[in-house]
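Novice: Sharing a structure here in structure tokens format.
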Amino acid sequence: MVWMQKLSEKDIDIFNTIKNELKREEEGLEMIPSENNISPAVMQAMGSIFNNKYSEGYSHKRYYGGQEFVDKMEDIAVERAKKLFGTPHANIQPYSGSPANLAVYLACCEPGDTIMGLNLEDGGHLTHGFKVSATGKFYNSISYHLTAEGYTDLDEVRRLAREHKPKLIWCGATAYPREIPFKEFAEIATEVGAYLAADIAHIAGLVIGGVHVSPSEFADVITTTTHKTLRGPRGGMILVTNKGLLKDKDLAKKIDGAVFPGLQGGPHDHINAGKAVAFGEALKPEFKEYAKQIVLNSKALAQGLMDNDIKLISNGTDNHLCLIDLTPFGNGKGLFVQEALDEAGITVNKNTIPKEPFSPFYPSGIRLGTPSLTTRGMKENEMLQIANIISEIIKLVAVQEMSDDKEERMQKIKEFNLWLKENTRIKELREEVKTLATSFPIYLGYVLE
């Protein structure tokens, strides 16, 4: 049958791009903390026949026919999600984390209402009210910040909440290396009558694994992605807690209505099937060991970096990520370090730091994490080896200068790129990275056809 043909026979161009990406990942170290490696079972579900179906509506209340097995699949996914997080309601249809967050606004707020979220440069997310996001354009956004030590400034959160009386308060982050104080946020939200939304996109797997406090007791609504530490397909999910239903008995209905028909059309059934498989994997005892190892690895990586005199925001980590402060080597060097690490086969992302002294486009930080490396089976010893390599590369790059002047900056970047191509030590380190990476195959025995 035609649909059973191998991809290599059907479309050699796309086959080659996939093959080359697999090779790149196998021979390098993926350390962007929002990335992970899904299982072949999740991948198989994502590539399933469910891609063919349109299923507007919710299980057993669809607008199209032929939904018997879609309904069964979504029921399984929902029940597994509720069990994982201990909540009475789960909507697994959001296409990703940002649409999930938008649905919370639609369910809980009116345009123009006041909302609060962590400032972007301090590690917050665009959809927590940043000015270039729709959430910053349609709502009156008030940002809170971190303390000088790199922790959530709860005194400021409380002061701003009392002053502005927000309808919705977000807690959660994309570049915050410490445990999120859900209990304290809940106390503040209750005092001012606000909904509390916990965005746990980054730490969902750690919550499931019991190595990060759960927001289920404290938040009214929880949003998350299903990839990252949860190790599923790229998608989103919204959970409504018992606390949320006590605050608003119709909150679950409002959330469902906000997702569909408020923001989305037909759910991506093939992705939802992958979510169901990932949730099933996360319910197994070995997932707790995985989550525990993510944090052990992150702490070992952090200590290894600091032992090499690399400065970290908050001087360490409680979770899956570290945020490097490069300002001791000069402002705005995140791009240089990201590119140099990439040349050595280590994938990270440049990132702003609290009170960023340069530019979001040329920030002074590097964000890196351990979920993918942990999935591959690496442990503390490998983290120390990696910390040494990263530290050496940062110090090699330190001699490169970044400029405040736009034209001069473009020249500095050109000079840096030439330097990078000619740097023999980084080429040597790339071979060290390749040797380490290929010792921990991503998909042992996986056959790409």
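Here, each number is a calculation from the coordinates, and none is a lab measurement. The model shown is predicted, which means the values in this text are computed figures rather than measured ones. Methodologically, a virtual Cβ is constructed for each residue, glycine included, from the backbone with ideal geometry; neighbour enumeration extends over all protein chains shown.
Novice: Only bridges whose two residues both fall in the range 47-282 count here: according to DSSP, what percent of them are antiparallel, nearest 5?
Specialist: 40 percent
Novice: Same structure, new question: Where does each of THR370, THR241 land when they are ranked from fewest to most other beta-carbon atoms within 10 angstrom?
Specialist: Sorted ascending by nearby Cβ count, the order is THR241, THR370.
Novice: Across the Cα atoms of the range 214-291, what radius of gyration and what greatest pairwise Cα-Cα distance (Dmax) are found, in Å?
Specialist: When restricted to the Cα atoms of the range 214-291, Rg and Dmax are 14.1, 39 Å.
Novice: Volume per residue, Å³, of the convex hull around the alpha-carbon atoms of the range 218-343?
Specialist: 191 Å³
Novice: Okay, moving on. Give the span of the chain's Cα atoms along each principal axis, as three whole-Å numbers ordered largest to smallest.
Specialist: Principal-axis extents of the Cα atoms in the chain, largest first: 66, 62, 43 Å.
Novice: Further question: Output the peptides 356-363, 120-127, 312-319 sorted from most to least packed, where packing is the average of other Cβ atoms within 10 Å over each peptide's residues.
Specialist: Top to bottom by mean Cβ count within 10 Å: 120-127, 312-319, 356-363.
Novice: So what's the back-of-envelope 222 nm ellipticity for the chain, counting only DSSP H runs of four-plus at -39500 (n - 2.57) apiece and dividing by all residues, rounded to 500?
Specialist: Taking each H run of at least 4 residues, the total per residue is -14000 deg cm²/dmol.
Novice: For each of GLU422, GLU343, count neighbouring Cβ atoms within 10 Å of the residue's Cβ, then give the residues from fewest to most.
Specialist: Least to most surrounded, the residues fall as GLU422, GLU343.
Novice: Can you report the principal axis dimensions of the range 286-438 using only the alpha carbons, biggest first, rounded to whole angstrom?
Specialist: Computed over the Cα atoms, the extents are 53, 35, 23 Å.
Novice: Now for a different question. Pop out the Kirkwood hydrodynamic radius of the range 392-434 from its pairwise C-alpha distances, inverse of mean 1/r, in Å to one decimal.
Specialist: For the range 392-434, inverting the mean 1/r across all distinct Cα pairs yields 11.4 Å.
Novice: Out of HIS89, HIS268, HIS164, any idea which swings most in a Gaussian network model of the chain, alpha carbons joined below 10 Å?
Specialist: HIS164
Novice: Give the dimensionless ratio obtained when the Cα radius of gyration of the range 47-282 is divided by 2.2 N^0.38 Å.
Specialist: The reported ratio for this selection is 0.98.
Novice: Right, another one. Please give the contour-minus-distance gain from TYR64 to LEU384: 0.36 nm per residue of separation, less the Cα-Cα distance, rounded to one decimal in nm.
Specialist: Full extension of this stretch gives 109.8 nm more.
Novice: Can you compute the FRET efficiency between GLU408 and ASP309 using 1/(1 + (r/R0)^6), with r the Cβ-Cβ distance and R0 = 41 Å? Round to the nearest 0.05.
Specialist: E(calc), rounded to 0.05, equals 0.90.
Novice: In the range 1-66, what trypsin sites (Lys or Arg not before Pro) fall in a loop by DSSP, with at most 13 other Cβ atoms inside 10 Å?
Specialist: Of the trypsin sites (Lys or Arg not before Pro), the ones in loops of the range 1-66 whose Cβ has at most 13 other Cβ atoms within 10 Å are LYS6.
Novice: P(r) for the range 10-59: what percent of alpha-carbon pairs falls in each 10 Å bin, starting at zero?
Specialist: Spelled out per bin, shortest first, that is 18, 34, 33, 14, 1.
Novice: Rounded to whole Å and ordered largest first, report the semi-axes of the equivalent ellipsoid of the range 123-206 derived from its Cα gyration tensor (root of 5λ).
Specialist: Value: 18, 16, 13 Å, ordered largest first.
Novice: Would you compute, for the Cα atoms of the range 69-117, the largest minus smallest coordinate along each principal axis and list the three values in descending order, in whole Å?
Specialist: Here the Cα extents, ordered largest to smallest, are 41, 22, 15 Å.
Novice: OK, next. Order of MET383, MET410 from fewest to most other C-beta atoms within 10 Å?
Specialist: MET410, MET383
Novice: In units of 2.2 N^0.38 Å, what is the alpha-carbon radius of gyration of the range 1-151?
Specialist: Relative to the rule-of-thumb radius for its length, the range 1-151 sits at 1.41.
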